[in-house]
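Below is one structure; the comments refer to it alone.
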Amino acid sequence: MRSTIPGKDSLRDRLFRFARSTIRRSVKLLLALTVLFLLLWLFRVPLLRAMGHFLITDDPDTHADAVYVLGGASVDRGEEAARIFQRGLADHFICTGGQVPGDLETLGLPYTESDMTRMVMLHNGVPADRVVSFKQGTSTVEEAE
């Protein structure tokens, strides 16, 4: 039913225009958010790298009385511990890890991760009296305890 007064719209017409403008705004907002999320997804790698570079800071290296070398990746961790020793940043090392790696167990060699890390360190010039092999713990939690 149309209003007969000039310049006056019926309630139904006003509600219809309001609903139409609300829907248009909602669609525009949804479209804008979709484009934003798409751009964030497409540029996620550079954005995450930039955030990482912003958050990571290097502290100056300081001397430590002892360094715990945790089990796992014995060669990599042993070599890094040897580099720390060669730079004069630590005097004593405690290698942890009570598990026997599967490859060594298959060969019948009873060396634990801590033994392997110690051997790598000795091979890289760390004196034997500076490295202790602590053969307990099968996880980082157990080794820390």
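The values are calculated or read from the model by the stated rules, or taken from the named source; none is laboratory data. Source: prediction; values computed, not measured. Neighbour counts run over all protein chains shown; Cβ positions are idealised from the backbone, glycine included.
Here are the numbers for this structure:
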item	result
Count of residues meeting criterion [crowded, with 17+ Cβ neighbours inside 10 Å, over 13 Å from residue 76 (Cα atoms) and either in contact (Cβ under 8 Å) with a residue 40 or more places away in the chain or out of contact with any strand residue (DSSP E or B) (no Cβ under 7 Å at 6 or more places or on another chain) (or both)] in the range 105-120	2
Residue, surrounded by the most Cβ atoms within 10 Å (Cβ to Cβ), within the range 126-135, restricted to residues that are part of a loop (DSSP other than H, G, I, E, B) and in contact with a helix residue (DSSP H, G or I) (Cβ under 6 Å, 6 or more places away or on another chain)	126
Inter-residue pairs, beta-carbon under 7 Å, first at pLDDT below 85 and in the range 123-145, second of a type in the set (Val, Ile, Thr), 6+ apart	134/94; 134/96; 135/112; 137/96; 143/96
Every residue from the range 48-74 that is closer than 21 Å to residue 142 by Cα and not hydroxyl-bearing (Ser, Thr, Tyr)	66, 67, 69, 70, 71, 72, 73
Which listed residue is outside any helix (DSSP H, G or I), under 30 Å from residue 113 (Cβ atoms) and either out of contact with any strand residue (DSSP E or B) (no Cβ under 7 Å at 6 or more places or on another chain) or acidic (Asp, Glu) (or both), from 9, 58	58
Test result for residue 34, part of a helix (DSSP H, G or I), at pLDDT 95 or above and farther than 30 Å from residue 96 by Cβ	yes
Residue identified as out of contact with any helix residue (DSSP H, G or I) (no Cβ under 9 Å at 6 or more places or on another chain) and within 30 Å of residue 129 (Cβ to Cβ) among 98, 88	88
Among the candidates 77, 87, residue that is surrounded by fewer than 12 Cβ atoms within 10 Å (Cβ to Cβ) and basic (Lys, Arg)	87
The range 62-76 residues that are assigned to a loop (DSSP other than H, G, I, E, B), paired with ones that are surrounded by 17 or more Cβ atoms within 10 Å (Cβ to Cβ) (beta carbon under 6 Å, 6 or more apart)	70/96; 70/143; 71/96; 71/97; 71/113
